[in-house]
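Taking it in order: structure first as structure tokens, then the write-up.
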Amino acid sequence: MKRRLLDRRWDSRIRTHFEILYSSGREDGAGILANISYTGALLTQASVQPRVGSQVRVFVPLTEDSPFEVVGKVVRHVEDGFAIEYFGLGPELRSLVDDAAALVANPLHVPPRRRSQP
């Protein structure tokens, strides 16, 4: 229950497993886009873990034409990766989240939207 109280995320997460590349300043890395929402994403198996607060560009190859680029700020570290919060939600980013949900056969939301207490 304590974890739930500390979890300040409002948007549902869609579990994914996309190989991605990312860049933060002079550091480049690779990893897995483990989940995504309309406000942020979790990257795991990260080859480089950027500092909390640093800007990160994430390249997601959803199409063969060109990778989709997401820009965000590192908000926390996890054991083998990090979480980012996006700088803004435009129609392209909303489309990326929708496309990710469509590509995942049975999307699992982690965590579910918070329910108001009766």
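Since every read-out is calculated from the coordinates, none of them should be taken as a lab result. For clarity, every value in this text was computed on a predicted model and none was experimentally measured. Don't worry about glycine lacking a Cβ; one is built from the backbone with ideal geometry, like all the others, and counts go over all protein chains shown.
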With no solvent and one equal point scatterer placed on each C-alpha of region 2-103, evaluate the Debye formula and give log10 I(q)/I(0) for q = 0.10, 0.16, 0.19 Å⁻¹, two decimals. -0.24, -0.63, -0.90
Considering amide H positions built from the backbone, and no H for Pro or chain starts, which residues 5 or more places from Ala34, or on another chain, come under 5 Å of its amide H? Leu42, Leu43, Thr44
Taking Cα centroids, how far is region 22-36 from region 76-93 in Å? 10 Å
Apply the Karplus curve 6.51 cos²θ - 1.76 cosθ + 1.60, θ = phi - 60°, to the phi angles in region 70-83 and return the couplings in whole Hz, x for Gly and Pro. 10, 10, x, 10, 5, 10, 6, 9, 10, 3, 10, x, 7, 10
Just rank Arg13, Arg57, Arg26, fewest to most, by other beta-carbon atoms within 10 angstrom. Arg26, Arg57, Arg13
Loop GluC sites (Glu not before Pro), region 19-72, which have at most 14 other Cβ atoms in a 10 Å radius of their Cβ (DSSP): Glu64
Quick query: amide H of Val48 versus all other amide H atoms, modeled in the peptide plane; which residues come in under 5 Å with a sequence gap of 5 or more or a different chain? Ala30
